[in-house]
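The values are calculated or read from the model by the stated rules, or taken from the named source; none is laboratory data. It should be emphasised that the depicted structure is a prediction, and the values quoted were computed from it without experimental measurement. All Cβ positions, glycine included, derive from the backbone under ideal geometry; neighbour counts span all protein chains shown.
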Amino acid sequence: MSEEKALWKPINRAVIIPPHATPQDVVKFASAQLSPREIKSIANAYSAGDYEMMGTFVWAKAVACLRKQLASLGMDFIGEMLGRADISPNSSIEESVTEYQLIQLAEDLGMISRTEAMRLRHTHEVITHFVKKDSGDTANDQEQMLEDEARLALRACVQSILAQPKISVALKFAEFRKALEEKSFSTADHEITMLSESPYLYQRTTLSVLLALAKSAEGGQLDNSLSNLNTILPCIWDQLLKPERWQVGQTYAEVYANGQLKAAAGIKKALAKVQGFDYVPENLRSIVFSKAAQRVLEAHDGWNNFFNEPAPMEALASLGSSVPLPAFPIVMSATLAVRLGNGYGVSNGAQAAAVKLLQSLSQDRWEYYLSDCLPDDKRILEKLAWSPAPVNRWLALVAEYKLARFNITARHAAVKKLINASDTTSVKNAALALLSDVGYV
């Protein structure tokens, strides 16, 4: 990612743990967030070989700290970042945001680096696996958390979160976001020039902020947000993928249906500037699909996910095979997340429903996902970039549905490489290239 073209940058670490520090030394760095008693308890648990207890405790403390830092930004901002219309200022971050999404937010905001985020996601998988493990497995030493797993989990949590005296959020972007509702920008302003040249993540996030303001702001804030939408949308429209274009049309349909005439008029004017009315849905049926897919992802990201995925996945598949285009990206992301699973396997009970949905897709829908959705599907790309087991399932899926025969028109050459890859290394490299193309790396 080019720092010169970034609206906000990752923070510089206040504390760096030496590479060869022992676990007992590593935990001492957590004094910024943990009490001396807690640090001593962690060190004692590690020395005693109580790795699962130690890992679970450290993870819980790190997640609680991350939640507190993110909640201070306001739940409306959290909803904008996640593209979650169901999150309101009064929502609870504990109930509304999964641990996977906490890591995603922290990475997107520059609170943690890409490498730290990868390690935290791996720690999340490890801790989740052992928390949900059948108690009947305790007699089998091979089913217990190993020392290496505990050591890596401890280091990831301390270095990324617990060792930092205060996790600074992306102040530059926070200021830019605030300015979007306090002033009207022109195309000549430096911020708009930077935005048009920034990685895709920044453009998508800014668009989400503006659309959220169009739905919720009033008075002068609404006037400024609509003015800025009319300035910014034409600057980035040609670069937007179809899911984000549908997001604009969906927002227009929602505010119009809710009788928010001023907001509807402003978004309509912006759509007219980019000739974007093809992306306005004829009805709001997509909301039903989007919410069903969101429930699948919440189950996938949560504790005991293999047990909890079948019900929401079956509910999603039961909605029918005609998925509205505005909801299609999240529906595919949720379905493929279930199908690819994680490093510890898949939810067997959810596979039939996921397969049913995938088998119902027409060729043009597959081509739409691969060309216009996959390049920005961070969840799926990260599975393919960092976890060998999902990669093997991806290779099987590509062969099963003969995806290589489809006409892929994505502007990212790595999409075709990802489809044509024949081994795990090629898949990983293509996925990393796509993550880099849209600004996640």
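Among the residues of region 94-116, the ones that are surrounded by 19 or more Cβ atoms within 10 Å (Cβ to Cβ), assigned to a helix (DSSP H, G or I) and more than 11 Å from the chain's Cα centre (by Cα) come to 1 in all. Is it the case, given these coordinates, that V255 is under 21 Å from Q104 (Cβ atoms), modelled with pLDDT under 95 and in a helix (DSSP H, G or I)? In short, no. For the residues L432, L384, the requirement of being surrounded by fewer than 20 Cβ atoms within 10 Å (Cβ to Cβ) and not hydroxyl-bearing (S, T, Y) singles out L432. The residues in region 273-297 that are modelled with pLDDT of 85 or more and either over 21 Å from R121 (Cα atoms) or crowded, with 19+ Cβ neighbours inside 10 Å (or both) can be counted, and the count is 13. No other residue among Q359, Q351 is closer than 21 Å to A299 by Cα and surrounded by fewer than 18 Cβ atoms within 10 Å (Cβ to Cβ) apart from Q351. Can you tell me which residue within region 16-27, out of those that are under 31 Å from the mean Cα position of the chain (by Cα) and assigned to a helix (DSSP H, G or I), is nearest to V63 (Cα to Cα)? Among those that are under 31 Å from the mean Cα position of the chain (by Cα) and assigned to a helix (DSSP H, G or I), it is V27. If the condition is being free of Cβ contacts under 8 Å to residues at least 40 places away in the same chain and part of a helix (DSSP H, G or I), then region 306-334 contributes N308, A311, P312, E314, A315.
Any residue at all in region 131-151 that's assigned to a helix (DSSP H, G or I), at pLDDT below 85 and buried (at least 17 other Cβ atoms within 10 Å of the Cβ)? Scanning region 131-151 turns up no residue that is assigned to a helix (DSSP H, G or I), at pLDDT below 85 and buried (at least 17 other Cβ atoms within 10 Å of the Cβ). Screening the candidates I419, I380 for the property of being farther than 16 Å from R114 by Cα and β-branched (V, I, T) yields one hit, I419. From the list W303, W246, the lone residue that is crowded, with 22+ Cβ neighbours inside 10 Å and touching a residue at least 60 places away in the same chain (Cβ under 8 Å) is W246.
Within region 312-332, restricting attention to residues that are under 14 Å from W366 (Cβ atoms) and surrounded by 24 or more Cβ atoms within 10 Å (Cβ to Cβ), the residue that is modelled with the lowest pLDDT is V323.
Just one residue in the set G220, G249, G266 is farther than 26 Å from L325 by Cβ, modelled with pLDDT of 90 or more and over 21 Å from the mean Cα position of the chain (by Cα); that residue is G220. Scanning region 404-421 for residues that are at pLDDT below 85, surrounded by 12 or more Cβ atoms within 10 Å (Cβ to Cβ) and more than 12 Å from E367 (Cβ to Cβ) gives H412, A413.
For region 95-124, the set of residues classified as of a type in the set (D, E) and closer than 19 Å to L162 by Cβ consists of E99, E107, E116, listed by residue number. Against the test of being crowded, with 17+ Cβ neighbours inside 10 Å and either at pLDDT 90 or above or more than 23 Å from the chain's Cα centre (by Cα) (or both), the options G55, G49 yield a single qualifying residue, G55. Looking across region 279-300 at every residue that is without any contact (Cβ under 8 Å) to a residue 24 or more places away in the chain and not in a loop (DSSP other than H, G, I, E, B), the one that is nearest to V331 (Cα to Cα) is identified as R295. Inspection of region 178-188 identifies at least one residue that is among the acidic types (D, E), surrounded by 15 or more Cβ atoms within 10 Å (Cβ to Cβ) and over 21 Å from the mean Cα position of the chain (by Cα).
In this structure, does R393 turn out to be more than 30 Å from G110 (Cβ to Cβ), of a type in the set (D, E, K, R) and free of Cβ contacts under 8 Å to residues at least 40 places away in the same chain? Taking the combined requirement at face value, the residue does not satisfy it.
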